[in-house]
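Participant: What follows is a single structure, and I will ask about it in a moment.
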Amino acid sequence: MAPPDTRSQLLDAAEQLFAEHGFRGASVRAITELAGANLAAIGYHFGSKAELLAAVVRRVVEPIIAAQAAGLDRLLARTPDPPVAELVEAFAGPLFDAMLAGDEGGARTSRLIMRIIGDPAEEMRAWTGSADAAVRDRYLAAFGRALPGLSAAELWFRIRGILAVAAVDRVEVYNGQPVSPAAGEPARRWAITFLAAAMSAPPTLPSSPGP
């Protein structure tokens, strides 16, 4: 087997450090040292630290997005209005597939997704492209048909909750927390049951005005 090239080593090192420390906390020097590369390597292979982050996130996220799109395609081929539980499974299932319990790569992916959700750095959101937006909009539309009482804002909040629940579960499993079985399928079933119920909850009523 051929040894990994410098570009791949930079991607691996950057994925680990961005996941652990966020965009601003992972320095160019730390990334290149972990990759065994010189300081100029990031500029040569990617152009900038921000472009390296975009390449790292795309490498992790694009297979998940492709699997989510394929799952939705299969549902819509059967019916134009899939039920909520099947939509949740099509959306969340690829997250569990990409974040295998007890696997360092799966845990790193989990941490990176949590960073994407919570890191304040604008660069963490600048990687998105047309494919990501298209899949997001298709799921929003499908969930919107299944849950017509929800506002677009609350619907998107709940969909983001799916991402967070899946990522937190996988990180805790890797870290040895007894919150879920190490085997993927039981955790997937628990998550689908929980998340389908959460997605299907009645719309949140507006707060009552004060006296």
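The values are calculated or read from the model by the stated rules, or taken from the named source; none is laboratory data. Keep in mind that what you see is a predicted model, and the values were worked out from it rather than measured. Here Cβ is always computed from backbone atoms with ideal geometry, including for glycine, and neighbour counts include all displayed protein chains. Side chains included, ligands, DNA and RNA excluded: accessible areas come from the protein's heavy atoms. Shrake-Rupley method; radii C 1.70, N 1.55, O 1.52, S 1.80 Å.
Participant: Stretch residue 70-residue 126 to full length: gain in nm at 0.36 nm per residue minus the Cα-Cα span? Kindly include the intermediate steps, with their values, before the conclusion.
Facilitator: Working: separation 56, 0.36 × 56 = 20.16 nm, distance 2.42 nm.
Taking 0.36 nm per residue and subtracting the Cα distance, the gain is 17.7 nm.
Participant: Still on this structure, I have one more. If I model a spin label as a point 7 Å beyond the Cα along the Cα-Cβ vector, how far apart are those points for residue 197 and residue 78 in nm?
Facilitator: Computed distance between label sites residue 197 and residue 78 equals 2.3 nm.
Participant: Using each residue's phi in segment 51-67, evaluate 6.51 cos²θ - 1.76 cosθ + 1.60 at θ = phi - 60° and report the 3J(HN,Hα) Karplus result to the nearest Hz, with x for Gly and Pro.
Facilitator: Those phi angles translate into 5, 5, 4, 4, 5, 4, 5, 4, 4, 7, 8, 4, x, 5, 4, 4, 5 Hz.
Participant: Okay, moving on. Quick check: with the 1.4 Å probe, what order do 190, 127, 156 take by accessible area, largest first?
Facilitator: My answer, sorted largest first, is 190, 156, 127.
Participant: Using only the Cα atoms of segment 13-53, build the gyration tensor, take square roots of its eigenvalues as a ≥ b ≥ c, and label the shape rounded, prolate or oblate: rounded if a/c is under 1.5, else prolate if a/b is larger than b/c, else oblate.
Facilitator: Details: a/c = 2.03, a/b = 1.32, b/c = 1.54.
Since a/c reaches 1.5 but b/c is at least a/b, the shape of segment 13-53 is classed as oblate.
Participant: Run the quick spin-label model on residue 39 and residue 205: label points 7 Å from Cα toward the beta carbon, then report their separation in nm to one decimal.
Facilitator: Spacing of the two 7 Å Cα→Cβ label points: 6.2 nm.
Participant: Sticking with this one: Considering only protein heavy atoms, what is the solvent-accessible area of residue 27 at a probe of 1.4 Å, reported in Å² to the nearest 10?
Facilitator: Result for residue 27: roughly 50 Å² accessible.
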